[in-house]
């Protein structure tokens, strides 16, 4: 949507908050049009977004069923009202989850960390705790996708060999409990090697650290964020007229 990561984050967070505070059909319709437009603009990411939303769409109906049962037991509302509230809540959360998933797919998480590091560098404050926190985020964002990919490759290999054929859900959980510690230890060893390399290259001798490709925040980016805020405010003003 937007090239700057903070502006892009502001847009998607604004969409989620605006949708959460929408109560009329007109507001819901506008937000539905926005999410469709987001999907059209980011159609290259639709497949990945669908994969990420699949567990959410699979388990959330169970939560709807629990909501309906507890609402019938604890409130005096009719079944039709409870079902309507549950369906509306499900649609809202689905659109919010879809929008934020599009954001995660279209904006590399590392860019967000780089932006805040760029802002921190301008302050020229030598607080090691903040630098260590940025390093922790960078390491997490670097190794978690690798861990996820290795785990998926292991699962696909077992399925291809027929080793998980007919296994119950509980048996799959037991297998995961046995396999995951080894994958985690492997990633921890890789992280330890990277940490050692960073120490040898002088990490900890100068704060704040430099940023190889800093991401600036200028007046036009602030202007875009103001326009986005006015746009979402206008949705609620127009839809309630």
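The set of residues in region 35-62 that are more than 20 Å from residue 108 (Cβ to Cβ), surrounded by 14 or more Cβ atoms within 10 Å (Cβ to Cβ) and in contact (Cβ under 8 Å) with a residue 40 or more places away in the chain contains only 35. Scanning region 86-124 for residues that are over 27 Å from residue 37 (Cβ atoms) and out of contact with any helix residue (DSSP H, G or I) (no Cβ under 6 Å at 6 or more places or on another chain) yields 114, 116, 118, 119, 120, 121, 122, 123, 124.
Taking the criterion of being under 30 Å from residue 215 (Cα atoms) and either in contact with a strand residue (DSSP E or B) (Cβ under 8 Å, 6 or more places away or on another chain) or modelled with pLDDT under 80 (or both), would at least one residue in region 17-39 satisfy it? No, because not a single residue in region 17-39 is under 30 Å from residue 215 (Cα atoms) and either in contact with a strand residue (DSSP E or B) (Cβ under 8 Å, 6 or more places away or on another chain) or modelled with pLDDT under 80 (or both).
Any residue in region 161-176 that is out of contact with any helix residue (DSSP H, G or I) (no Cβ under 7 Å at 6 or more places or on another chain) and closer than 30 Å to residue 39 by Cβ? No, that holds for no residue.
Just one residue in the set 26, 14, 89 is closer than 28 Å to residue 216 by Cα and surrounded by 13 or more Cβ atoms within 10 Å (Cβ to Cβ); that residue is 14.
Looking across region 75-93, the residues that are over 24 Å from residue 15 (Cβ atoms) and part of a helix (DSSP H, G or I) come down to 79, 80, 81, 82, 83.
The values are calculated or read from the model by the stated rules, or taken from the named source; none is laboratory data. Keep in mind it's a predicted model, so treat the numbers as computed, not measured. Note that each Cβ is placed from the backbone with ideal geometry, even for glycine, and that neighbours are counted across all protein chains shown.
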